[in-house]
């Protein structure tokens with residue numbers, strides 16, 4: 001009779017167990033590699049994020065540095081512009097002082113002694129006098145050729161004017177005009193004397209007026 005053994009042999013079982021262990025090892029190694037690769041990927045991603053953040057911080061810092069440099073440069077430029085403006089203002093002030101200085105004062109006296117000329121006066125003051133005390137205003141009918149100046153002295157803005165007028169009224173009119181002029185202050189009559197002009201031989205009133213000049 002023929003007998004067939006269907007049970008695995010010892011060698012077969014050993015080979016089968018060895019193959020199973022090998023498969024488990026392969027799966028374990030593959031899993032470890034996958035985990036390792038995943039860990040490496042996460043580590044690389046984290047490091048890259050940190051690098052990107054550091055680069056962004058460096059960019060912001062550099063931007064702030066550039067902005068500060070720009071402001072400092074602008075500050076220096078502004079200071080230079082302010083210095084230039086101040087130099088121009090000083091030049092303008094010098095020109096203004098020259099325009100309103102002694103020459104302008106002499107022009108004012110020339111206006112006062114010009115036919116139909118009037119002093120440079122404050123309009124509000126003139127309006128008040130015209131309303132309340134017109135006798136203190138100058139006379140438009142006065143003839144300036146009735147008075148002439150023989151001497152004009154200035155020392156530290158203190159002025160002394162000497163001259164002759166045909167009458168006391170002429171001297172008074174000249175004083176009124178100086179008192180109303182914005183170029184003079186503290187105008188007063190220091191001396192008056194009746195005499196005769198040495199050239200024309202006509203009677204005159206010799207006078208001396210003092211005051212301070214504004215310019």
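No lab work stands behind these numbers, since they all come straight from the coordinates. Fair warning: this is a prediction, and the values are worked out from it, not measured in the lab. Counting neighbours? That spans all protein chains shown, and the Cβs are built from the backbone with ideal geometry, glycine included.
Observations on the model:
- Listed peptides 110-118, 78-86 appear in the order 110-118, 78-86 once ranked by packing, highest mean of other Cβ atoms within 10 Å at the front.
- Pairwise centroid distance, computed over Cα atoms, of the range 150-188 with the range 53-68, Å: 75 Å
- Using C-alpha pairs below 8 Å separated by at least 6 residues, the relative contact order for the range 105-215 is 26 percent.
- Base-10 log of normalised Debye intensity for the range 102-213 (one unit scatterer per alpha-carbon) at q = 0.21 Å⁻¹: -1.21
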